[in-house]
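Just below is one structure, and these are the notes that go with it.
The values are calculated or read from the model by the stated rules, or taken from the named source; none is laboratory data. All figures in this text were calculated on a predicted structure; none of them were measured in a lab. When we count neighbours, we look across all protein chains shown, and the Cβ atoms used for this are built from the backbone with ideal geometry, even at glycine. Just the protein is used for accessible areas: all its heavy atoms, side chains included, with ligands, DNA and RNA removed. Shrake-Rupley method; radii C 1.70, N 1.55, O 1.52, S 1.80 Å.
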Amino acid sequence: MAQRWILLTCCLLYCGVVFCAAKTPNIIFMLMDDMGWGDLGVFGEPAKETPNLDMMAAEGLLLPDFYAANPLCSPSRAAMLTGRLPIRNGFYTTNDHARNAYTPQDIVGGIPDSEILFPELLKQAGYSTKLVGKWHLGQQPQFHPLKHGFDEWFGSPNCHFGPYNDKSTPNIPVYKNLSMAGRYYEEFKIDRSTGESNLTQLYIQEALEFIQEEARKGGSFLLYWAPDATHGPVYASKDFLGKSQRGLYGDAVRELDYGVGVILKQLKSLGVDKDTLVIFSSDNGAATYAKERGVFAAVFCSKQS
């Protein structure tokens with residue numbers, strides 16, 4: 001069967017599509033955090049530091065009219081996962097302009113049980129499902145991803161804000177399935193002075209291990225890969241720091257592009273590339289506070305937070 005990668009974008013959405021009648025396709029959904037669609041070489045970023053994503057565009061299909069449902073992380077992700085507008089799926093409030101459904105770490109609500117997320121449907125169809133990275137649809141255990149269609153999870157219910165004093169405000173937790181594996185700035189280091197953190201490498205490794213195990217099993221799988229390195233405070237691992245012409249933000253983008261390349265190569269090495277649909281997107285585009293870093297292409301407004 002012929003293979004082709006499909007890129008859909010306006011919030012950056014790429015799709016790697018391969019058709020195979022023998023089984024239901026595996027699905028890898030890569031959702032970036034606050035990345036602008038102008039951050040990629042395929043959209044004219046002059047440094048051309050995203051070779052793997054640019055390759056997906058060259059070999060596949062680019063759809064430039066895909067829009068986020070909200071300019072904030074949580075409601076846009078809720079809309080993506082439910083297929084329903086925020087005002088219908090419960091992630092909508094009467095907060096300040098452009099901050100509807102802003103979800104700080106002390107939020108008590110989350111995605112309603114009444115909402116059907118596409119991982120739930122895939123799980124019912126026999127898929128193994130995993131989330132790697134940021135959830136942001138509720139802090140409390142009853143709202144966590146394992147309650148909403150995911151078999152496995154490595155990541156956090158919120159962004160990597162901080163560090164906090166762990167007294168009046170605790171640092172945000174990182175989970176391995178149902179158990180807390182540590183906290184940002186403690187077990188999972190982020191150096192605010194240099195921007196160094198190994199989190200993206202951990203997220204890449206979690207993805208690779210899941211793909212390898214599911215390929216061994218031979219069933220269909222969903223991997224929702226949601227690293228948050230391009231959300232402030234921006235970070236990158238040591239091997240990528242200082243490598244971009246665009247500063248720390250560019251370092252983070254380069255590392256994420258590297259992660260995409262590694263994941264695609266593993267699909268080919270395991271012989272499951274022709275059975276796998278790969279989608280790459282961003283949740284809602286670059287942030288106004290990051291104009292010097294994220295690029296939304298100078299045509300539209302940017303997100304506030």
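Computed values, structure above
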read-out: Area accessible to solvent at Glu209, 1.4 Å probe radius, in Å²; value: 90
read-out: Derived scalar couplings ³J(HN,Hα) [region 110-125; Karplus, 6.51 cos²θ - 1.76 cosθ + 1.60; whole Hz; x for Gly, Pro]; value: x, 5, x, 4, 6, 7, 9, 8, 4, x, 5, 5, 5, 4, 4, 8
read-out: Percent accessible area from carbon and sulfur atoms, region 98-256, protein chains only, probe 1.4 Å; value: 49
read-out: 5 angstrom amide H check on Trp153, placed H, neighbours 5+ away; value: Leu131, Asn177
read-out: Surface per residue (accessible, 1.4 Å probe) for region 30-127, Å²; value: 48
read-out: Convex hull projection area averaged over all views, region 137-186, Cα basis, nm²; value: 3.5
read-out: Shape parameters for region 193-246, alpha-carbon atoms, Rg then Dmax in Å; value: 14.4, 45
read-out: Intensity falloff of region 218-279 expressed as log10 I(q)/I(0), Debye formula with alpha-carbon point scatterers, at q = 0.13 Å⁻¹; value: -0.44
read-out: At most 12 other Cβ within 10 Å, DSSP loop - trypsin sites (Lys or Arg not before Pro), region 162-223; value: Lys167, Arg192
read-out: Global size of region 47-154 as Cα Rg and Dmax, reported in angstrom; value: 16.0, 45
read-out: Distance violations [Cα-Cα > 18 Å] among Lys23/Lys123; Lys217/Lys274; Lys130/Lys274; Lys176/Lys268; Lys130/Lys217; Lys134/Lys243; value: Lys130/Lys274; Lys176/Lys268; Lys134/Lys243
read-out: Rg(Cα) / (2.2 N^0.38 Å) computed for region 143-227, rounded to two decimals; value: 1.22
read-out: Aspartates and glutamates whose Cα lies under 15 Å from that of Lys238, excluding same-chain neighbours fewer than 8 positions away; value: Asp191, Glu196, Asp251, Glu255
read-out: Around Tyr175: net Lys/Arg minus Asp/Glu count, Cβ-Cβ under 15 Å; value: -1
